[in-house]
Structure formats: C-alpha cells, structure tokens
Amino acid sequence: RNGEVVPKDYVEAVKWWRKAAEQGYAAAQSFLGLMYNNGEGVRKDDVAAYAWFSVAAASGDDDARMGRDVVKGGLTPSQVEKGEAMAREIFERIEKRKAAEGE
C-alpha cells in the first residue's frame, strides 16, 4: 500500500500460533518457541521457549530441534528441568485433546 508499513501485531500472532500449537501443529509450536525466545508478543521466557521447541521437536520439526538445543545452552540445569516438565504437560494436553476429538 504505497510504502505503508503494516505494524506487526505479535500479541495477535501469538494468540493464533498458540491455538494451532495446542492442536498439535509442529510448525506453530516452533513459532511459539521463537516468539518466547525473542520476546515478541509475550514476555521473553527461555524456559517456555525451550518447552515449546521441545514439543515441536517431538512432533518432528527439525528446525525446532536446533532451536531447542540453542536455547538449552543458555539455561541452568534447573531451568532445563522446568522446561522439560512444561513440555511434558503441553504434550499430554495435546494428546488428550487429540484422543477426545478422535472419539
């Protein structure tokens, strides 16, 4: 539009990525990890970034595996533990939703 810059609404983007991520879409899970890693649309949270990258990696996203490993390098062992617990909770929630929808 004649050089107009359209503002990036990261908060809105996070809302939609989260909806897709919670339904099991690996790319959305990876993007959510990126948003937490960069603090775009959400408060920067490396533990949450690690968790979402981990979930996406478990869903088969290779880029997420790299992102997870990079984020992990900056975490303390207790933060890694927290992130792994968070990833398990997210993964279980997604699996329950999929099972419920499959009935």
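Before moving on, here are some points about what is shown:
- Within the stretch 50-62, tally of residues that are farther than 20 Å from D9 by Cβ and surrounded by 21 or more Cβ atoms within 10 Å (Cβ to Cβ): 8
- Test: V42 is over 11 Å from the mean Cα position of the chain (by Cα), of a type in the set (V, I, T) and open to solvent by 90 Å² or more (accessible area, probe 1.4 Å): no
- Verdict on W17 being touching a Leu at 6+ places or on another chain (Cβ under 7 Å), open to solvent by less than 30 Å² (accessible area, probe 1.4 Å) and not β-branched (V, I, T): no
- Qualifying positions in the stretch 55-103 - in a loop (DSSP other than H, G, I, E, B), modelled with pLDDT of 95 or more and of a type in the set (G, A, S): G73, G74
- Leading residue by the ranking (farthest from R65 (Cα to Cα)) among those in the stretch 29-39 that are in contact with a Phe, Trp or Tyr (Cβ under 6 Å, 6 or more places away or on another chain) and open to solvent by less than 30 Å² (accessible area, probe 1.4 Å): L32
- Selection status of G33, more than 12 Å from the chain's Cα centre (by Cα), in contact (Cβ under 8 Å) with a residue 12 or more places away in the chain and within 29 Å of E101 (Cα to Cα): no
- Of the residues making up the stretch 7-44, those that are in a loop (DSSP other than H, G, I, E, B) and either in contact with a His (Cβ under 9 Å, 6 or more places away or on another chain) or farther than 23 Å from G60 by Cβ (or both) are P7, K8, D9, G39, E40, G41, V42, R43, K44.
- Restricting attention to the stretch 63-95, the residues that are farther than 21 Å from Q23 by Cα, open to solvent by 100 Å² or more (accessible area, probe 1.4 Å) and touching a residue at least 12 places away in the same chain (Cβ under 8 Å) total 1.
- Being closer than 18 Å to R93 by Cβ and among the charged types (D, E, K, R) holds for only one residue in K72, K19, and it is K19.
The values are calculated or read from the model by the stated rules, or taken from the named source; none is laboratory data. This structure is a prediction, so every number in the text was calculated from the model and none was measured. Here Cβ is always computed from backbone atoms with ideal geometry, including for glycine, and neighbour counts include all displayed protein chains. Side chains included, ligands, DNA and RNA excluded: accessible areas come from the protein's heavy atoms. Shrake-Rupley method; radii C 1.70, N 1.55, O 1.52, S 1.80 Å.
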